[in-house]
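Encoded as structure tokens, the structure appears first; notes follow it.
The values are calculated or read from the model by the stated rules, or taken from the named source; none is laboratory data. What you are looking at is a predicted structure, and each value in this text was computed from that prediction instead of being measured. Don't worry about glycine lacking a Cβ; one is built from the backbone with ideal geometry, like all the others, and counts go over all protein chains shown. With ligands, DNA and RNA removed, areas are computed over all heavy atoms of the protein, side chains included. Shrake-Rupley method; radii C 1.70, N 1.55, O 1.52, S 1.80 Å.
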Amino acid sequence: MASPTRRRPGDATRIPAVLDGLARLYPEADCELTFKGDPFQLLCAVILSAQCTDVRVNLVTPELFRRWPDAHALAGASQTEVERVIHSTGFFRNKAKSLLGMARMLTERHGGLVPREMDILLELPGVARKTANVVLGTGYGIASGVVVDTHVARLSARLGLSSQTDPKKIELDLIDRVPREQWIAFAHRLIWHGRRVCAARKPDCTACPLPCPSRLAPHAPD
Ligand code: SF4
């Protein structure tokens, strides 16, 4: 893997200030996908969230989980039935294929349980590193890495935490700069800030107290 982005003058104080600022803004930040029980439902929801909002996923999953609450149940579903239920999340054919393949592999190889190891999770259909990090962090409380989604990637660049564009390389930079005990909460906080303040097209810099090298307007004091 590539070496992390080179540190810049001032990072030693600015990066901790970014982490502290995020913690003050969003002390309760958590995953916004709704799920119950063991991480199986969370894994389904994260697969559905590709190219789709969490709000939309949360509208669809109650019916999905009512009909197929666990891996054993979903493994016996038909592709057509699952496609019908998840249709509104987009890319529904591929997502249904991933859900069914994932549920069948869990049933055949893991007793219907979601593994706790990154390498084994990555063998499941539809599961890449971002999904595995969400499941391990939010589902099991295991800090195996840092979730890098579109918000984390965008804000990492704006906040000067990484100059990389490849998610795996961004994650390496974040792993290098964020203390491990903060990895899980940090990603939730960055995602919340991206959704609430630092939007892709129109970041609300006047409402943002973070020490940010990309700031477009001064922070308006409360
Ligand atoms: S100052 Fe602006 S660009 Fe920087 S993190 Fe805050 S909202 Fe985003």
Query raised in the report: Going through segment 188-222 one residue at a time, which ones are within 8 Å of the ligand (Cβ to nearest atom) and of a type in the set (S, T, N, Q)?
Result: Ser214
Query raised in the report: Would you pick out the residues in segment 48-59 that are on the phi < 0 side of the Ramachandran plot and surrounded by fewer than 20 Cβ atoms within 10 Å (Cβ to Cβ)?
Result: Ala50, Cys52, Thr53, Asp54, Val55, Arg56, Asn58, Leu59
Query raised in the report: When the residues of segment 109-128 are filtered to those that are without any contact (Cβ under 8 Å) to a residue 12 or more places away in the chain and among the charged types (D, E, K, R), which remaining residue is farthest from Leu33 (Cα to Cα)?
Result: Arg109
Query raised in the report: Among the helices (runs of 4 or more DSSP H) confined wholly to segment 61-174, which include 2 or more residues that are open to solvent by 60 Å² or more (accessible area, probe 1.4 Å) and touching an Asp or Glu at 6+ places or on another chain (Cβ under 8 Å)?
Result: 129-134
Query raised in the report: When only residues in segment 204-217 that are touching a helix residue (DSSP H, G or I) at 6+ places or on another chain (Cβ under 7 Å) and farther than 17 Å from Arg24 by Cβ count, which is surrounded by the most Cβ atoms within 10 Å (Cβ to Cβ)?
Result: Arg215
Query - segment 78-113, residues that are touching a Pro at 6+ places or on another chain (Cβ under 7 Å) and over 21 Å from Glu63 (Cβ atoms) - result: Met105
Query raised in the report: Quick one: would you say Gly160 is outside the structural domain of Cys44 (by TED's automatic domain parsing) and in contact with a Lys or Arg (Cβ under 8 Å, 6 or more places away or on another chain)?
Result: yes
Report summary line: Here the residues within segment 175-190 that are closer than 15 Å to Glu32 by Cα, open to solvent by 20 Å² or more (accessible area, probe 1.4 Å) and touching a residue at least 60 places away in the same chain (Cβ under 8 Å) are Ala185, His188, Arg189
Report summary line: Checked pairs for segment 193-222, first assigned to a loop (DSSP other than H, G, I, E, B) and among the small types (Gly, Ala, Ser), second open to solvent by 50 Å² or more (accessible area, probe 1.4 Å) and more than 8 Å from the ligand (Cβ to nearest atom), C-beta under 8 Å and 6 or more apart or across chains, list as Ala200/Thr150; Ser214/Ala157; Ala217/Thr206; Ala220/Thr206
Query raised in the report: On the given criteria, is Ala128 among the small types (Gly, Ala, Ser) and within 16 Å of the ligand (Cβ to nearest atom)?
Result: no
Requested in this report: Assess whether Gly137 counts as being within 16 Å of the ligand (Cβ to nearest atom), in contact (Cβ under 8 Å) with a residue 12 or more places away in the chain and of a type in the set (Gly, Ala, Ser).
Outcome: no
Requested in this report: Count, please, the residues in segment 2-47 that happen to be exposed (fewer than 12 other Cβ atoms within 10 Å of the Cβ) and in contact with a Lys or Arg (Cβ under 7 Å, 6 or more places away or on another chain).
Outcome: 1
